[in-house]
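Notes to accompany the following structure.
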Amino acid sequence: MQNGTLLAAVDLGSNSFRLEIGRLHAGHIERVEYLKETVRQGAGLDDARNLSTEAMERGWACLARFGERIAGFRPTHVRAVATQTLREARNRDVFLAQARKILGFQIEVIAGREEARLIYLGVSHLLPDSDERRLVVDIGGRSTELILGQGHVPQTLESYRLGSVAWSMKHFPNGQWTSAAFRTAEIAAKAILDEALSHYPRSSWDQAYGSSGTIGAVADALQANGWTDGTITPEALDWLEDKLIRAQRPEHLRLEGIKEDRRPVLGGGLAVLRAVFDLLQIDNMRPAEGALRQGALFDLIDRENPQTDVRTRMIDWLARHFGADAAQGERVARTAMHLYEQAMGSGVNAQTKERSLRKLQWAARVHEIGMQISHSDYHKHGAYILENTDLQGFTVDELHRLGLLVLGHRGKLRKLEDPIDDPVFVQQLLALRLAVILCHARREPELQGLALQKDPQASSYRLSLPPDWDKQYPQSVHLLREECVAWQKAPWRLTLRLA
């Protein structure tokens with residue numbers, strides 16, 4: 001990625017939507033523009049976990065303004081991520097379908113640990129280089145992330161389902177701040193965060209940092225009122241809680257440094273923060289400049305290179321963890337990528353081609369991870385693992401797509417009714433299935449003279465074999481003929497041509 005490249009990150013948080021635009025310069029990102037709008041989507045979730053029409057419309061209106069600002073950006077230079085509210089919402093597909101059209105870019109719903117990873121990435125890149133062991137805390141609208149790391153490498157990542165919006169709605173439902181309500185809210189927060197004690201002992205970190213949202217608001221209030229330089233301490237939190245209890249309600253709070261849009265959710269966020277301080281024995285916490293949106297920007301840079309893409313490392317880890325045959329995985333990957341490039345032909349955007357090939361390679365490397373569970377149904381178990389594992393760097397949709405490739409790499413195709421209409425997915429799936437067949441003997445296949453071509457006028461592919469190939473590899477030809485039959489029951493066709 002060249003110096004001067006403009007990058008954009010959109011953070012669809014539970015309380016606020018944010019847009020960060022930065023310019024790449026010598027490995028750093030210089031801020032060009034920052035926009036924030038209080039949308040309160042998290043407050044729009046009903047008891048059945050459906051987003052209200054009003055909450056969706058607030059989000060769409062905000063994204064329309066963001067979309068106008070980043071119109072013309074390359075898709076590979078924009079990353080839009082949605083967090084806890086859209087992780088929970090049962091009708092999120094309704095919101096996302098319209099949101100993607102309005103914004104003009106893909107919106108990824110990320111898992112809690114992926115959110116934590118991006119937060120740490122953003123925080124660490126905006127801190128001075130240091131060997132200190134860092135605890136990073138981010139209290140959002142409906143989730144709280146805790147991360148241990150050193151340098152730019154996160155080591156322990158967790159996300160908990162509590163935050164400023166959720167806790168304010170639950171424990172201060174009428175907007176009434178009382179001592180009893182704060183005690184109840186803190187005890188309830190500790191009950192959820194209690195397991196963090198074993199993952200984040202005081203001996204495992206040197207300095208605590210707080211990111212974004214609640215913690216930023218608290219630090220601003222403390223600094224504006226002369227309490228500290230922004231550093232948060234238990235005594236300062238006691239003082240702030242007392243101020244809220246005296247005010248009794250958000251609209252009565254007169255406190256320098258607290259913005260109008262933060263007041264309604266300050267009580268819930270403060271209760272969660274006090275619980276974190278008490279449980280993890282935090283003496284002081286420094287506010288950090290970096291947050292999720294900056295992490296998303298730096299992640300765009302890392303994704304440019306397979307060597308720095310965390311997703312590639314996680315795929316390798318997953319294959320090792322489940323004892324997959326690494327040599328076979330690489331063999332199938334090389335073969336599948338060769339066939340995919342043949343079928344793709346020329347005239348395809350280089351970046352689009354590279355991304356498709358990388359995802360196909362990932363699927364090939366982990367297509368046998370279910371073998372440890374069952375040999376006969378290993379493709380089903382492999383898909384289940386991918387669908388239910390938090391892998392750093394991956395979105396929920398990406399893991400679902402990889403799971404479908406692993407599920408569909410063998411057996412009948414009717415189990416893949418929905419994605420079978422996607423031409424890119426079909427080509428990836430066909431290449432993977434053919435590669436598994438050609439590598440069935442677990443040795444390097446003979447690909448000289450073998451060609452996979454797509455008919456540009458029809459939904460069909462043709463696999464051409466060189467002379468005498470069927471005599472040299474009769475078992476492979478038998479399997480390929482069965483594969484042609486399998487595709488007859490799908491909207492796409494595969495034919496075999498023997499020279």
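Miscellaneous remarks
Here's the yes/no breakdown for (1) open to solvent by less than 10 Å² (accessible area, probe 1.4 Å); (2) under 18 Å from Thr38 (Cα atoms); (3) part of a strand (DSSP E or B); (4) free of Cβ contacts under 8 Å to residues at least 24 places away in the same chain:
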{"position": "Met56", "(1), (2), (3), (4)": "no, yes, no, no"}
{"position": "Ala64", "(1), (2), (3), (4)": "no, yes, no, no"}
{"position": "Arg79", "(1), (2), (3), (4)": "yes, no, yes, no"}
{"position": "Thr85", "(1), (2), (3), (4)": "yes, yes, no, no"}
{"position": "Val94", "(1), (2), (3), (4)": "no, no, no, no"}
{"position": "Gln98", "(1), (2), (3), (4)": "no, no, no, no"}
{"position": "Phe105", "(1), (2), (3), (4)": "no, no, no, no"}
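- Set side by side, the residues Asp302, Asp283 differ, and just one is open to solvent by 20 Å² or more (accessible area, probe 1.4 Å), of a type in the set (Asp, Glu) and part of a helix (DSSP H, G or I), which is Asp302.
- The condition of being touching a residue at least 24 places away in the same chain (Cβ under 8 Å), open to solvent by less than 30 Å² (accessible area, probe 1.4 Å) and under 14 Å from His409 (Cα atoms) holds for Ala333.
- Only one entry of Glu341, Glu289 meets the criterion of being free of Cβ contacts under 8 Å to residues at least 60 places away in the same chain, open to solvent by 10 Å² or more (accessible area, probe 1.4 Å) and either acidic (Asp, Glu) or in contact with a Ser or Thr (Cβ under 8 Å, 6 or more places away or on another chain) (or both), and that entry is Glu341.
- Filter result for the condition that a residue is assigned to a loop (DSSP other than H, G, I, E, B), open to solvent by 10 Å² or more (accessible area, probe 1.4 Å) and more than 29 Å from Asp11 (Cα to Cα), over Arg246, Arg254: Arg254
- If the condition is being in contact with a helix residue (DSSP H, G or I) (Cβ under 9 Å, 6 or more places away or on another chain) and of a type in the set (D, E, K, R), then the range 37-62 contributes Glu37, Arg40, Arg49, Glu54, Arg58.
- Contact map, the range 400-412: first residue under 21 Å from Cys439 (Cβ atoms), second residue in a loop (DSSP other than H, G, I, E, B) and not acidic (Asp, Glu), Cβ cut-off under 6 Å, separation 6 or more or different chains; pairs are Val406/His367; His409/His367.
- Out of Val276, Val272, one residue alone is crowded, with 22+ Cβ neighbours inside 10 Å, β-branched (Val, Ile, Thr) and out of contact with any helix residue (DSSP H, G or I) (no Cβ under 6 Å at 6 or more places or on another chain). It is Val276.
- Filter pass, Leu118 being under 30 Å from Phe73 (Cβ atoms) and crowded, with 19+ Cβ neighbours inside 10 Å: yes
- Test: residue in the range 158-166 that is open to solvent by 20 Å² or more (accessible area, probe 1.4 Å) and farther than 22 Å from Val265 by Cα: yes
- Among the numbered conditions (1) more than 19 Å from the chain's Cα centre (by Cα); (2) within 26 Å of Thr214 (Cα to Cα); (3) surrounded by 16 or more Cβ atoms within 10 Å (Cβ to Cβ), the only one that Gly13 does not meet is (1).
- Contacts under 8 angstrom Cβ, first residue in the range 299-315 being on the phi > 0 side of the Ramachandran plot, partner part of a helix (DSSP H, G or I), 6 or more apart: none
- Scope the range 203-228; condition open to solvent by 80 Å² or more (accessible area, probe 1.4 Å) and under 26 Å from Gln150 (Cβ atoms); matching residues: Ser203
- Residue selection: Ala26 satisfies the criterion of being in contact (Cβ under 8 Å) with a residue 12 or more places away in the chain and on the phi > 0 side of the Ramachandran plot.
- Test for Arg90: is it open to solvent by 50 Å² or more (accessible area, probe 1.4 Å) and assigned to a helix (DSSP H, G or I): no
The values are calculated or read from the model by the stated rules, or taken from the named source; none is laboratory data. Only a predicted model underlies this, so the values are computations on that prediction, with no experimental measurement involved. Ideal geometry is used to build each Cβ from the backbone, glycine not excepted, and the neighbour counts take in all protein chains shown. Side chains included, ligands, DNA and RNA excluded: accessible areas come from the protein's heavy atoms. Shrake-Rupley method; radii C 1.70, N 1.55, O 1.52, S 1.80 Å.
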